[in-house]
Structure formats: C-alpha cells, structure tokens
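All remarks here apply to the structure that follows.
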Ligand code: SAH
Ligand code: SF4
C-alpha cells in the first residue's frame, strides 16, 4: 500500500494517523508479522492481522558469482511457488532484476521461463518484496530495477502498473520511473496501454529477429502481432513519452546473426530513437541454440553501428551461476561456479 492509503484506512477505522506511520515504518524495516510491531497495542495488532497481509519472499537458495558481485535468489512464495531475482552491480549502482509472473505463457523457444507455461501472476507486493529483500540482504541501496526476470510484464498489466506506483513512491523505496526498465516480448495492446500512462520508464523490446518468419519461429507472440505492428506501437510509445527505446537481441548462431539480419534490423529501426543491446544467447538445456561467436557478434555490432544504429554488446554478469531468467527454478543443481547456499 501507499502510505497515504494506509493513513486513510486508519483514519476510517478511527485510528490515529501516527499509528499508520508506525506500521508503515515497521513494514518498511522488513518485519514479517504484526506481532513484531512492539510499539503497537496487542488489540490493534490483532485487528490489523485480521485485515491485512504482509507479503514476503522466502529465500530458498542464494548464488553469489565468483566472477563479479552478481547475486541470484530463488524465492518461495506463500503458496509454495518459486521465482527468481538477480542483484547486479553496475558502475551507476545496484540493479535488481525481478520476476513478474510464476512461469510465462509466451513460450519463446530460447527461454527457460516459459517451458512449463504460466502458473500465476505475481501480486504488486510480491514484486516489491523482491526489490526490498535483495537490497536488505546485501546492505545496499537499490537504484535501478529491470522487469526482465520470469514472466511477461504486460501479461500482468494491472499488477505491474500498481507495482510501478508503489516502488516509485518517495515515502516507500522511492525508485523513480526513470530508473526502471520494463521488458516485453511484444504484447502490442499492452504497449499502447503503457504509453497512455505516460510514465517515464524505459521500454525494452525483446526483438531478437528483424524478419517475421525467423521471429515467429522463435517467439509465438509474433504470430499474433507482427514486427510491423510491434514497431508501430513502439513509435507511438516514443511519441507520447519521448523516451528512447531499447531493443534486446539475443544472438543465436546461424539463426539471427547474419549480415542480412543486421541490414534488415537497421532498416526497420530507422527513425526510432533507440538503442540495440546484443546479448549472446544463453544456452538452456531444453534447446539446441548456440551462442554466436565473439568475432561474428562484433561484426554484427559494427554493421549496425555503420548503418547508424546505436548498438552495445551487453556485458554478461553472473555467467557462472545460471543468472539468466528461469534457469535456476528449473535446474536445482549448481552449475559449478560461484558460492551456492541452500537457505532452507
Ligand atoms: N518477458 C519479457 C521479460 C522477461 S525475459 C521479455 O521477454 O522481454 C528478459 C529478457 O531475457 C528478454 O529479452 C528475453 O528475450 C531474454 N532471454 C530469455 N531467455 C534467454 C536466453 N536463453 N538467452 C538470452 N536471453 C534470453
Ligand atoms: Fe516469457 Fe520473456 Fe521468456 Fe518469452 S522471453 S517465454 S516472454 S519470459
């Protein structure tokens, strides 16, 4: 809840405003039950317990990379479902990558999150708890959030919208919209709806191919909304928000990494204020995709740059700890690197 909402609930119940402040402070400090709120009377604690629920994420496993400061968490939720988050250190501060759903129904062929379909949506507070826990567990202030973990954020629109409002509230974690990126596989109606909100978040599009036939093979969502429709929605989003759009492109050997793909990509992105992020695909054991070699990846990037497209090759963080979406939940064993802790 926003603090203002808690206050207005308390006032409606005939409780003093400062009590709402106290409760809000307790929740923000990380308590998991009303019983721990020692400056609140027992009768009020019992009353609150009957009305409200304090959502938490229970860490089951923590993997700390030996190569960098990346920390990956496997959490259990109140109903036993499991999700993943990652904390990453960049020059500008700490970024948490959160999940928005348990599983995902988009079924992209390269992704571990969608293999078993969608289990359920996450609530706004379950998203918030992932940010909060990662910061507290490492004693750091989280400055940025990316909605790039398990799940398709625009397939859980209302809860994601509410999460954005909660996490950016200065009375709460206070992580501003400009420090938040939302990644989508291309749920076109959701992009229009997000544009209407006009929040200055960064929209990140998982494009991965410039031709419909290749993209449809990799991403079922493209059979519903074509690349042309997707880019029309991106232009609309840009027109409203004025924000630069980020295009993610996972490089798969022999599939989407040809010079022809680079040329077509540059052609279709012309006129959009954007940035292309190339990522060597992370092989998952359920498919046969291989990473594009370093040299070819560089050539692809150079080609895009020479055609006027702002391009970067994403640095891989936590490569030794399966720090890629959906992999930890499926692979219960350690990959071998980093520090692996079972917390339950
Ligand atoms: N559902 C949203 C956000 C979560 S996925 C989306 O698809 O955009 C976050 C990013 O990881 C997406 O860009 C997705 O395409 C990418 N991704 C998924 N599996 C991957 C893999 N095996 N290797 C590289 N990137 C992957
Ligand atoms: Fe879902 Fe994104 Fe994975 Fe596709 S890439 S299955 S949309 S989480």
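Laboratory data are not the source of any read-out in this text; all were calculated from the coordinates shown. Since the structure is predicted, the reported quantities are computational estimates derived from the model, not experimental observations. Neighbour counts run over all protein chains shown; Cβ positions are idealised from the backbone, glycine included.
To the nearest 10 degrees, how steep is helix 259-269 against the longest Cα principal axis of the chain, on a 0 to 90 scale?
Roughly 50 degrees, rounded to the nearest 10.
At a 10 Å Cβ-Cβ cut-off, how would you order 257, 79, fewest neighbours first?
Final ranking by Cβ density, sparse to dense: 79, 257.
With labels modelled as points extended 7 Å from the Cα through the Cβ direction, what inter-label distance (nm, one decimal) is found for residue 35 paired with residue 343?
A separation of 2.1 nm, rounded to one decimal place.
Compute the acute angle (0 to 90°) between the alpha-carbon long axis of helix 227-241 and the principal axis of greatest extent of the alpha-carbon atoms of the chain; round to the nearest 10°.
50 degrees
Determine the percent antiparallel among the DSSP beta bridges restricted to the chain, to the nearest 5.
50 percent
How far is helix 42-51 tilted off the main Cα axis of the chain, in degrees rounded to 10, range 0 to 90?
Computed tilt is about 40 degrees.
Assuming 0.36 nm per residue, please report the length gained on full extension of the stretch residue 8 to residue 229 beyond their Cα-Cα distance.
75.2 nm
So what's the Cα pair-distance distribution over region 188-329, bin width 10 Å, in %?
Calculated P(r), rounded to whole percents: 11, 40, 36, 13, 0.
Take 275, 179, 208 and order them by how many other Cβ atoms sit within 10 Å, fewest up front.
In order of increasing Cβ crowding within 10 Å: 275, 179, 208.
Using a basic spin-label model with each label point 7 Å from the Cα along Cα→Cβ, how many nm lie between residue 17 and residue 310?
4.4 nm
Provide the percentage of antiparallel DSSP beta bridges, counting only those with both residues in region 64-149; round to the nearest 5.
Given both bridge residues lie in region 64-149, the antiparallel proportion sits at roughly 80 percent.
Kindly provide the Kirkwood hydrodynamic radius of region 87-178 in Å, to one decimal, from all pairs of distinct alpha carbon atoms.
Computed over Cα pairs of region 87-178, the Kirkwood hydrodynamic radius comes out at 13.6 Å.
Based solely on its DSSP helices, what 222 nm [θ] is calculated for the chain when runs of n ≥ 4 H residues each add -39,500 (n - 2.57) and the sum is averaged over all residues, nearest 500 deg cm²/dmol?
-10500 deg cm²/dmol
Apply the Debye scattering formula to region 1-88, with a single equal point scatterer on each alpha-carbon and no solvent, then give log10 I(q)/I(0) at q = 0.10 Å⁻¹.
Result of the Debye calculation: -0.37.
Where does the chain land on the Kirkwood hydrodynamic radius, alpha-carbon pairs, in angstrom?
21.2 Å
Arranged by the count of other C-beta atoms within 10 angstrom, fewest first, what order do 111, 305 take?
Listing 111, 305 from fewest to most nearby Cβ atoms yields 305, 111.
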